[in-house]
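Novice: One structure, pasted below without further comment.
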Amino acid sequence: MVFNRFSQRLSTRVAAATSALALFFVVCMGVGAWLVALSMMRTQAERQTAELARAHAAHVSGILATIAGHVAEHAGDASLPPTLSIAGVTVDIRVIGMAELGDWNKAAMILGVAAGRVSSDGGGLIEMMIPVVTGSTASDKGVSWRLRLDRLSQRLTMPGDVSGGEVVLRAGGRSIQAAWGAPIPGNAISAEAEVPLPNGFGRGQMAVRVGGKSKELDLSLGQYALWLSLIGAAATALAAALATVTSRRLTRRLSALADAAGSFDFAAGRGAHFHVDGDDEIARLGKSFAGMVERLDQAYRDLDRRSQALLSNAERVAQVGSAIWEPGHSQQVWSDQFHAILGLNPGDVMPSREVFFDRVHPDDRPRLAAAVSAAVQGGGNRVVEDFRIIRGDGIERVAQFRAEVARDDDGHAIRVDATIQDITERKRMEDQLDGVVRDLKRSNEELEQFAYVASHDLRQPLRTVRSYLTLIEDSIEDKLDDETREFMDFIRDGVKRMDALITDLLAYSRVGRRVADGPVDVGRMIDLSLLDLQAEIDETQAMIIVPPSLPVIEGDSGELTRLFQNLIGNALKYRKAEQVPRIVVACRDCGPHWQFSVSDNGIGIPPEHRERAFGIFQRLHARHEYEGTGIGLAICRKIVERQGGEIWVEGKDGDGAVFRFTWPKMRRAVTALPA
Amino acid sequence: MRQVEGGYHILLVEDDLADAGLVRIALRRGRHTVNLHHAKDSTEAFAFLRRIGSDHARAPRPHLILLDLNLPGRSGHEILQELKSDNALRGIPVIVLSTSEAERDIVRSYNLGANSFISKPMDADEFAQHIHIMETYWFDIVRLPAA
């Protein structure tokens with residue numbers, strides 16, 4: 001925990017890490033050096049101890065050889081003293097008889113060879129019997145010498161670092177041992193040397209072992225450890241101090257950079273101070289920061305300016321002004337266009353709720369305020385209200401207010417984004433449009449009334465005229481002369497034509513009044529129209545060619561039947577004399593619409609009359625040539641155009657006419673007129 | 001051919017004297033003895049039917065009513081509506097005889113209880129022919145209640 005708190009500072013962490021690293025290195029190096037030195041010293045001590053052991057062994061061996069040689073040389077001398085001092089070592093000597101010897105020694109004596117024995121009692125007693133040789137024969141007596149090994153070992157000197165030693169003789173299956181100095185502890189540095197026993201001892205070995213703890217070694221190791229600790233501590237302290245200072249310098253400048261970056265604010269337009277002293281990486285980092293921030297700042301300002309300009313232009317063009325405010329706060333933020341729509345100049349007023357409502361028409365204030373409050377308090381998040389603005393110049397404008405309430409996670413209203421749009425022109429046009437629609441409706445109603453009047457009232461007098469004409473004719477049949485009869489025919493013909501005109505006009509006016517649109521099988525409609533034309537077809541022996549497969553299209557079946565009936569009927573009517581009519585119906589898929597054609601081999605229509613042919617009551621021929629009111633093609637055009645199609649006629653070089661019309665696959669949206 | 005003593009009585013409600021004349025002529029040429037009573041509007045029609053006033057005190061109950069739609073004052077449809085809601089009169093078959101060919105007139109007439117709807121033909125001969133067919137149907141085929 002504590003470390004964590006400290007380590008929150010980069011400088012502390014760097015210093016601590018550096019110090020720990022330094023300490024670790026010092027300890028590693030010290031321990032390594034200490035281990036190496038210890039190893040070297042131990043090797044040295046061991047080597048010295050071994051040499052000492054070997055020297056002692058050689059020394060003892062030499063003394064033994066000297067004693068043996070001396071005794072053997074003087075064995076025959078009767079004057080052998082009881083003790084001998086050889087190389088500072090006292091040797092007990094006595095002459096012994098055969099009777100004192102054991103069997104084994106007796107045998108050796110007889111054979112004239114030396115025999116010896118060793119015993120471990122009394123600190124290592126060496127005893128040797130040497131037969132006295134007289135002439136060439138061994139006598140029955142010998143000389144025995146005895147030597148205590150401890151005496152021998154007492155002559156051995158010790159260097160300061162060796163505290164004790166021991167000698168071991170192994171001969172004839174026995175071993176004796178003698179020690180000197182301090183006993184050798186188990187963990188002491190020790191060395192052992194072996195040398196063969198000198199001649200006269202038979203087969204045997206001598207081993208010398210010396211050992212002890214070197215005071216020199218202890219001293220040097222202790223001093224070494226002390227120095228090592230001191231140097232380590234000093235190095236660690238120095239490293240820690242250096243690390244702290246360096247890291248503080250480093251982090252202070254980094255902190256300055258961090259503070260500068262943290263305090264930087266684009267919107268406020270304040271550039272951050274990223275200047276850092278020096279010429280190192282941190283200084284360069286500071287410079288880079290400063291450069292980057294300058295470029296970012298510039299880009300931000302450019303972007304801000306451009307988006308402001310864009311928004312401002314968009315608002316001006318769209319005549320939409322925007323505003324933002326926090327619910328519960330009077331103060332608001334308005335765009336320039338918001339000001340402009342209210343008839344205000346930006347900067348002249350402090351945008352607020354009060355200023356806004358001051359410009360709202362008094363009659364509209366309560367409604368608008370209630371709608372906004374309701375939205376803010378959760379009654380739906382959107383507001384769309386039309387209201388009137390009373391501008392400072394007294395001009396009244398109509399505007400649409402739209403707002404959206406933004407909420408936090410808890411559902412509290414935190415912001416209102418609102419727009420107002422000047423819709424005065426739109427309103428005016430809507431009113432105009434309403435007027436036009438009303439006019440159109442009234443006009444339709446009048447037309448409807450006309451249709452009724454035409455069908456009833458206008459035809460009624462005609463019917464009377466016609467009926468009574470018949471009655472008069474019947475009653476004065478035999479009194480009529482030819483001229484009067486002709487006059488009466490004229491009357492009857494006039495009445496009949498007028499009736500036809502009224503009937504056709506009525507039919508024309510009724511096109512498009514039917515709203516029973518649906519899928520219609522064109523083939524069936526053509527069949528129905530041909531049925532109606534059966535009399536004419538039979539009369540003219542016409543050949544009518546209809547494709548076997550025709551589409552199903554959207555439309556009114558009655559109108560489509562009438563369309564084909566009029567077109568085919570025309571083709572039959574305007575046939576060439578003395579020629580059998582040949583009428584071909586065709587259909588082509590043109591993508592978004594179908595194109596139908598009805599072509600004939602009749603008299604055709606001159607190019608200059610082709611447009612006129614579709615006019616209402618337009619006739620291209622005298623009545624006595626071709627019957628008809630001239631409304632058929634006008635009705636065709638009305639039916640096709642009402643559906644969004646086109647109709648026209650093409651010539652075939654004086655050889656008939658081709659009527660073509662298109663029929664959209666998707667009916668255009670048409671407001672259904674009252675039937 | 002069935003004949004009723006004293007002939008059939010038909011009330012024609014028609015403001016157009018010319019049309020009324022056509023009906024009269026057509027009936028005169030027919031095979032039945034028909035007494036045609038002519039009312040020019042609703043007032044005259046109901047006065048006749050309900051025997052209101054001294055002129056109509058002895059007016060017979062008609063076997064059939066021929067009713068025009070386009071009348072001055074109350075229209076034919078209004079007359080039809082009143083006829084059919086009057087228990088004493090609703091049993092008299094009403095044949096609408098109109099110049100109108102409008103679908104809505106036809107539908108409305110039947111909805112109000114008309115027994116037939118005949119569009120007045122353009123031609124006098126055709127008119128007479130229709131009236132004769134009507135006579136045959138109503139006087140020879142259909143059984144009418146006694147007047």
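Novice: Among (1) in contact (Cβ under 8 Å) with a residue 40 or more places away in the chain; (2) touching a Phe, Trp or Tyr at 6+ places or on another chain (Cβ under 8 Å); (3) not in a strand (DSSP E or B), there is one condition A:D655 misses while meeting the rest; what is its number?
Specialist: (2)
Novice: Right, next: Cβ-Cβ under 6 Å, sequence separation 6+ or interchain: first residue in the stretch A:334-361 and within 13 Å of A:G321 (Cβ to Cβ), partner among the basic types (K, R). Which pairs?
Specialist: Note: pairs meeting the criteria are A:Q337/A:R316; A:L342/A:R359; A:G343/A:R391.
Novice: Do we find a residue being modelled with pLDDT of 80 or more, open to solvent by less than 60 Å² (accessible area, probe 1.4 Å), outside the structural domain of A:T157 (by TED's automatic domain parsing) and within 26 Å of A:A233 (Cα to Cα) anywhere in the stretch A:38-47?
Specialist: Within the stretch A:38-47 (the criterion being modelled with pLDDT of 80 or more, open to solvent by less than 60 Å² (accessible area, probe 1.4 Å), outside the structural domain of A:T157 (by TED's automatic domain parsing) and within 26 Å of A:A233 (Cα to Cα)), the answer is no, since none of the residues qualifies.
Novice: Of all residues being assigned to a loop (DSSP other than H, G, I, E, B) and touching a strand residue (DSSP E or B) at 6+ places or on another chain (Cβ under 8 Å) in the stretch B:86-103, which is farthest from the other protein chains (Cβ to nearest Cβ)? Just the residue, please.
Specialist: B:I92
Novice: Looking only at the stretch B:104-139, which residues are in a loop (DSSP other than H, G, I, E, B) and not small (G, A, S)?
Specialist: Of everything in the stretch B:104-139, those that are in a loop (DSSP other than H, G, I, E, B) and not small (G, A, S) turn out to be B:L112, B:N115, B:K120, B:P121, B:M122, B:D123.
Novice: Considering only residues that are open to solvent by 50 Å² or more (accessible area, probe 1.4 Å) and either more than 7 Å from chain B (Cβ to nearest Cβ) or modelled with pLDDT under 85 (or both), which ones fall in the stretch A:457-471?
Specialist: Of everything in the stretch A:457-471, those that are open to solvent by 50 Å² or more (accessible area, probe 1.4 Å) and either more than 7 Å from chain B (Cβ to nearest Cβ) or modelled with pLDDT under 85 (or both) turn out to be A:D457, A:L458, A:P461, A:V465.
Novice: Then there's this: Return the only residue of B:I106, B:I52 being of a type in the set (V, I, T), without any contact (Cβ under 8 Å) to a residue 12 or more places away in the chain and open to solvent by 80 Å² or more (accessible area, probe 1.4 Å).
Specialist: Criteria check complete, one pass: B:I52.
Novice: Could you list, in sequence order, all residues of the stretch B:5-26 that are open to solvent by less than 50 Å² (accessible area, probe 1.4 Å) and either over 13 Å from B:L66 (Cβ atoms) or away from chain A (no Cβ under 14 Å) (or both)?
Specialist: Within the stretch B:5-26, B:G7, B:Y8, B:H9, B:I10, B:L11, B:L12, B:V13, B:A18, B:G21, B:I25 qualify.
Novice: Continuing with this model, one more query. B:V107 fails exactly one of the following numbered conditions: (1) within 16 Å of the chain's Cα centre (by Cα); (2) within 14 Å of another protein chain (Cβ to nearest Cβ). What is the number of that condition?
Specialist: Among (1) within 16 Å of the chain's Cα centre (by Cα); (2) within 14 Å of another protein chain (Cβ to nearest Cβ), the lone unmet condition for B:V107 is (1).
Novice: Right, next: Among A:E578, A:E627, which is surrounded by fewer than 16 Cβ atoms within 10 Å (Cβ to Cβ) and without any contact (Cβ under 8 Å) to a residue 12 or more places away in the chain?
Specialist: A:E578
Novice: Only one of (1) away from every other protein chain (no Cβ under 11 Å); (2) of a type in the set (G, A, S); (3) out of contact with any Lys or Arg (no Cβ under 8 Å at 6 or more places or on another chain) is not met by A:G512, so which one is it?
Specialist: Failed condition: (3).
Novice: OK, next. Hey, among A:F401, A:F487, which residue is away from chain B (no Cβ under 13 Å) and loosely packed, with under 14 Cβ neighbours inside 10 Å?
Specialist: None of the others qualify; the one that does is A:F487.
The values are calculated or read from the model by the stated rules, or taken from the named source; none is laboratory data. If you're wondering where the values come from, they're calculated on a predicted model, not measured in any experiment. Glycine gets a Cβ as well: all are built from the backbone with ideal geometry, and neighbour counts include every protein chain shown. SASA here: full protein model, heavy atoms, side chains in, ligands and nucleic acids out. Shrake-Rupley method; radii C 1.70, N 1.55, O 1.52, S 1.80 Å.
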